[in-house]
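What follows is one structure encoded as C-alpha cells, with my remarks underneath.
The values are calculated or read from the model by the stated rules, or taken from the named source; none is laboratory data. Just so it is clear, the model here is predicted, and its values are computed rather than measured. Please note: Cβ atoms are built from the backbone with ideal geometry, for glycine as well, and neighbour counts cover all protein chains shown.
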Amino acid sequence: MPVYSHMTDHELLRLVSEGDQQSFTILFLRHWGRVFEASRRMLRSEHLAEEAVQEVFLRMWRKREGLRDVSSFDSYLFISVRNHVLNVLRRSCARMERLDMQYEGVPDDGMTVERQLQQKDLLSLLDEAVNGLPQQQRIAFRLAHQSGLGVNDIGMAMGISRNTVRNHLARALQSLRGQFRRR
C-alpha cells in the first residue's frame, strides 16, 4: 500500500484518475483551504465558498479520468475555482435581472413615475453601451460595477493581473464616457 501523504500531486492525480478514493481524499485535504480562501475572497461569502469547495472537488471526482493529463494541478484547481465563481456570479446577475423585471413598474415611494422612466432609460442606454465594449472590458466592468468586486478579486476571477484589470476598467470608462458625451 502506498504512503499517500508523501506523494506529489501529480502522483495522486494519476491514482485518482484510476478511481483511488484515498488519493482523492489526500488531494482534497491538501488543497481545500486554498480553494475555500480563494472562493471566499471572490464571492465574499463563507457559505458560498463552502459550496464552491464542494462543487469544485465533486466536479473533479466526476471527471477524474482526465486528471491523468493535468500537468499543473495548481493551475487546474485555480481555473476550476475561477470558472465556478464566474458561473455563480452570472447566475446571481441573472437572478437580480429577473427580480428587476418582476418589480418593474412598481412605483418607488421616493421617485416620481417620470423620474423612474428616466432612470430606466439611462440604465438601458448604459447596458447597451456596456454590451458594446470589448469582451474583457465588459467582464471587468460588470464584475466591478454590478457584482461589486474589487480589482484583486476581478483579477483572480479573470486570471489576469491587477494592473490589467485597472487598464480594462479605465478603457471601459473612457469608452462609456465618450459614448454618453456624444448623446
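Filter the stretch 1-16 down to residues that are at pLDDT below 90 and in a helix (DSSP H, G or I) and give me whichever is nearest to ARG68 (Cα to Cα).
TYR4
Filtering the stretch 129-174 down to residues that are in contact with a Leu (Cβ under 9 Å, 6 or more places away or on another chain) and basic (Lys, Arg), which residue is surrounded by the fewest Cβ atoms within 10 Å (Cβ to Cβ)?
ARG171
Which of the residues that make up the stretch 125-158 are of a type in the set (Asp, Glu) and under 14 Å from the mean Cα position of the chain (by Cα)?
Scanning the stretch 125-158 gives a single hit, ASP153.
Output the residues belonging to the stretch 60-89 that are of a type in the set (Lys, Arg) and surrounded by fewer than 13 Cβ atoms within 10 Å (Cβ to Cβ).
Within the stretch 60-89, ARG62, LYS63 meet the criteria.
For ASP100, are the conditions met, namely being closer than 25 Å to LEU173 by Cα and at pLDDT below 70?
yes
For LEU125, state whether it is in contact (Cβ under 8 Å) with a residue 40 or more places away in the chain and part of a loop (DSSP other than H, G, I, E, B).
Answer is no for this residue.
How about the stretch 143-183: which of its residues are part of a loop (DSSP other than H, G, I, E, B) and within 15 Å of LEU89 (Cβ to Cβ)?
GLN146, SER147, GLY148, LEU149, GLY150, GLY159 - these are the residues of the stretch 143-183 that are part of a loop (DSSP other than H, G, I, E, B) and within 15 Å of LEU89 (Cβ to Cβ).
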